[in-house]
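The structure appears below as structure tokens.
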Amino acid sequence: MGDEPVLATTYAGLTERQAVARVLCLMGGVGVSGIGAGLFTILGPWLLYDLTRSAFWTGSVAVIQGLLFWAGPSLGAFVDRVDRRAALIWSAVAQGVPASGLAVLVALHHADVLSALLAVTLISAGLNLQFLAAGTARLMLTPEHARLQLNSWWSATTLLQFYGAPGLAGFLLQWHGEAAALAVEAAGALPLLVTALALPPMKAPPTESGSLREAAHIFRRERGLWLYTWGLALWIGTFSGIFAILVYFYRSTVHFTAAEVGLSGLVAGILPLTFAAVGATLNRRFGPGRILVGGVLLSGLAMIALPAASGPLIVGGLLGLMDGPDSPIFAALYTMLQARIPSRLFGRVNALRMLVSMGGTPATAFLAALLADRFGPVAVIEGFGACTVLGALLIAWRTSVLRVLLSGEIAEPANAKGALALTRVRGRGPA
């Protein structure tokens, strides 16, 4: 392969307008299905808390979810080799079947820690497969001129499921109990199944080939993507640690009811959706590097303030600030991926990116759960927030991430006067 990767986008045999329409339909199906799967971010820890009353077991959901990222490269290679439509269908099955089974066990009062953890594992594996398959299908179908805008909308859809799901979970738990909430989660897989069946075949041509080694080489060579991914690794690591003990914090410290948990989740979604609405504009005006550093810094400050908050409205507002920059950050990331990565390696490169940025989440979730049992969730949340703030300042100071452009390249000083010119920096890791 040559030095310059070529994006081989064919829109899977569709016209540009048809391709955009399929992306929007896929966005809707993944969004609704994601709300169903996202219910388990509350339902899983909630059920384990009821079964054990332990921060360790409550946080084990996040540990399992993080460990599954280490299987990402294998899943990415699988997605690159098979029909993306078939992969989406299998991901819907992996979501719906275990959720249905656990709902039956809960209704019959036969659920235990083992069955809950097995459901967490299967549902999380299905979500990872869905993420890679849907992301690859979207990258293949999106026309170049629509990338940043569609990626911003896609991030907004992700935020809706991330915050809408916990809100819905809280109200379902309060009014109908765990079994009914799990049944709703299982039903959430159906829209994804319908959407996947409506997609055109998107299997890689047999003449195209790729390897994980090639994907790793391209990923490391694209220095802008490399720096951006490591910046995200800091934020995702500390955020996942806090998220692992969030339900424990709700129940043991602020003593929220399930409905108050739902209300805080809904309030938390307001600011991220606001960021999503202006995500493309923010990236064009300030650049993705500044958006990343500023977003991580803002998130860390909100983490520090969270334990002092009282009431679901203020807690929800701070959660929104913690995750608000998510949309413009990931819109920029996927735009860079589309600009620099060949379509035949989308799955592998995206899986490697997930592994680098999210592979540390089991450790941070495990650490947060252990420390919360020993020192309480307040000290853990404040400590993780302080690490996030310091990390954001260090990233800005010690790397060239502030000069990352949407293409994945880096703007570097061209002369003593400080004029900027686009240069490709090859074969180097983070500064």
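The values are calculated or read from the model by the stated rules, or taken from the named source; none is laboratory data. These numbers were taken from a predicted model, which means no experiment stands behind them. Don't worry about glycine lacking a Cβ; one is built from the backbone with ideal geometry, like all the others, and counts go over all protein chains shown.
Before moving on, here are some points about what is shown:
- Residue within segment 328-337 that is within 25 Å of residue 406 (Cβ to Cβ) and modelled with pLDDT under 80 present: no
- So residue 178, is it crowded, with 19+ Cβ neighbours inside 10 Å and of a type in the set (Asp, Glu): yes
- Filtered by the rule that a residue be modelled with pLDDT under 75 and outside any helix (DSSP H, G or I), segment 16-59 gives a lone residue, 39.
- Some residue of segment 228-244 being on the phi > 0 side of the Ramachandran plot and either in contact with a Leu (Cβ under 8 Å, 6 or more places away or on another chain) or modelled with pLDDT under 80 (or both): no
- Candidate set from segment 369-410 (those that are within 15 Å of residue 253 (Cα to Cα) and of a type in the set (Gly, Ala, Ser)); member that is modelled with the highest pLDDT: 379
- Residue pairs whose Cβ atoms lie under 6 Å apart, separated by 6 or more positions or on different chains, with the first residue in segment 216-227 and touching a residue at least 24 places away in the same chain (Cβ under 8 Å) and within 20 Å of residue 344 (Cβ to Cβ) and the second outside any helix (DSSP H, G or I) and of a type in the set (Lys, Arg), are 221/426.
- Conditions (1) in contact with a strand residue (DSSP E or B) (Cβ under 9 Å, 6 or more places away or on another chain); (2) under 21 Å from residue 67 (Cα atoms); (3) of a type in the set (A, V, I, L, M, F, W, C); number of the one not met by residue 349: (1)
- Evaluated against (1) more than 22 Å from residue 201 (Cβ to Cβ); (2) within 21 Å of the chain's Cα centre (by Cα), residue 112 falls short on exactly one condition, (2).
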